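One structure is given below, encoded as structure tokens.
Readers should treat all values here as calculations from the given coordinates under stated rules, not as data from a laboratory. On a predicted model such as this, the values are computed, not experimentally measured, just so you know. Using ideal geometry, Cβ is built from the backbone for each residue, glycine included, and neighbour counts are taken over all protein chains shown.
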Amino acid sequence: MKRLILMRHAKSDWSFDLEDHARPLNARGQRSAKALGDWLHEKGYAPDRVLCSDAARTKETLKRSALDAPVNYLSALYNAAPATILDLLFDTTKGDTVLVLAHNPGIGILMSSIVKSPPNHPKFDFCPTGATLVVDFDIDHWTELQLGSGKVADYIVPRDLVE
């Protein structure tokens, strides 16, 4: 079995005059990232491998989530399409539980297309910042993953965890 965790970065800060790639998290995003990391640990979903966009807000989301796993920071995940995200995952030969931390719209589209049945959550189709999907696949190798074949283990958004 393989477990994939798809996470959209936490809420970014638009108050700085920075290019999109350099935007950090705002205070709410900082709290959300920590809460998401705590939730992953508490539920036993901590990854053994992370693929993370190299944008400031994704890197900060990962840092504040305090997940202890080898990380590949990939520029190709910045605003990546679902097919690109999957190609990068397929190149991952290590890890039975992999977290992909990236951006909308690609990460949200992938969340919707990768599962057999969507979770019963009012925010699933919207994929707000910090949205996190945990999905299981009955496969031995990542290259065997097929769209529409994943079984949802869990789904959470930061507002479910913090106010």
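Quick rundown of the values:
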{"read-out": "Condition check for SER117: out of contact with any helix residue (DSSP H, G or I) (no Cβ under 6 Å at 6 or more places or on another chain), among the small types (Gly, Ala, Ser) and either in contact (Cβ under 8 Å) with a residue 24 or more places away in the chain or under 19 Å from TYR155 (Cα atoms) (or both)", "value": "yes"}
{"read-out": "Pair list, Cβ under 6 Å, 6 or more apart: the stretch 132-151 residue on the phi > 0 side of the Ramachandran plot, other residue assigned to a strand (DSSP E or B)", "value": "none"}
{"read-out": "Tally, over the stretch 100-148, of residues that are surrounded by 15 or more Cβ atoms within 10 Å (Cβ to Cβ), part of a loop (DSSP other than H, G, I, E, B) and of a type in the set (Gly, Ala, Ser)", "value": "2"}
{"read-out": "Matching option when the condition is surrounded by fewer than 19 Cβ atoms within 10 Å (Cβ to Cβ), touching an Asp or Glu at 6+ places or on another chain (Cβ under 9 Å), on the phi < 0 side of the Ramachandran plot and not in a strand (DSSP E or B), among ALA83, ALA10, ALA46", "value": "ALA46"}
{"read-out": "Residues (surrounded by fewer than 21 Cβ atoms within 10 Å (Cβ to Cβ) and within 14 Å of MET7 (Cα to Cα)) located in the stretch 68-80", "value": "TYR78, ASN79"}
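Here is a yes/no grid of residues against (1) in a loop (DSSP other than H, G, I, E, B); (2) closer than 24 Å to LYS123 by Cβ:
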position	(1), (2)
ILE5	no, yes
LEU18	yes, no
ARG28	no, yes
LEU36	no, yes
TRP39	no, yes
ASP87	no, no
VAL98	no, yes
